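Input: a single structure, listed below in structure tokens.
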């Protein structure tokens, strides 16, 4: 499917060209504009339990399904937060793990599920017990808070990443949660607390801003109760 990311950076928008019969799934509320040949409807992919799992991972219960039923057309999509958009091609040989709010859209050949992390990762990663798991063949469009930066890990290479900056990573890249420093006091006072240690080979996508950090910053400027 032909696509183009417009206004890359803080206010990116995704432009898709659908041929007759093509369809794309997107997060609820993502449609900005569409040709009159395109129909949009809400869909609950995978049933009620899958929808509940997506809610637990921070995504919406329903998706949008946009279908070019009466000829080719154009669709414009945008995420709810400020940030970039990047496409990832899946060939069916691996799954892509995506942090909450990271999925924007995908072609009809992909499947979206939730993966439950183990107890320690769920408690410590800051992402919760559930993350998005994307599989199949097709194109996935990811959104971020800030710009997206790719870290290319060579075989055996390690990189420590703040979990609030994660966007997506393939299932064959090993990762674990650990303290930012050797001691808990130093980890907490450093402002990092817990981080993710990844080991390659593979590409980890990160975002240049931390949504939680922005939330804490803006709270300082919101007047409290008098």
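Estimated at 0.36 nm per residue, the fully extended path between residue 152 and residue 11 surpasses their Cα-Cα distance by 48.2 nm. Here the peptides 99-105, 2-8 are ranked by packing, the mean other Cβ count within 10 Å, and the order with the highest first is 99-105, 2-8.
Give me the number: length gained by fully extending residue 20 to residue 70, i.e. 0.36 nm times residue separation minus the C-alpha to C-alpha distance, one decimal in nm.
Working: separation 50, 0.36 × 50 = 18.00 nm, distance 0.66 nm.
Full-extension gain reported as 17.3 nm.
As a rough footprinting exposure proxy, the listed residues 34, 44, 1 were ranked by other beta carbons within 10 Å of their own, and the order from fewest upward is 44, 1, 34. Ordered by the number of other Cβ atoms lying within 10 Å of each residue's own Cβ, fewest first, 87, 33 fall into the sequence 33, 87.
Bear in mind these aren't lab numbers, they're just calculated from the coordinates by the rules spelled out. Quick caveat: nothing in here was measured; it's all calculated off a predicted structure. We place every Cβ from the backbone using ideal geometry, glycine too, and count neighbours over all the protein chains shown.
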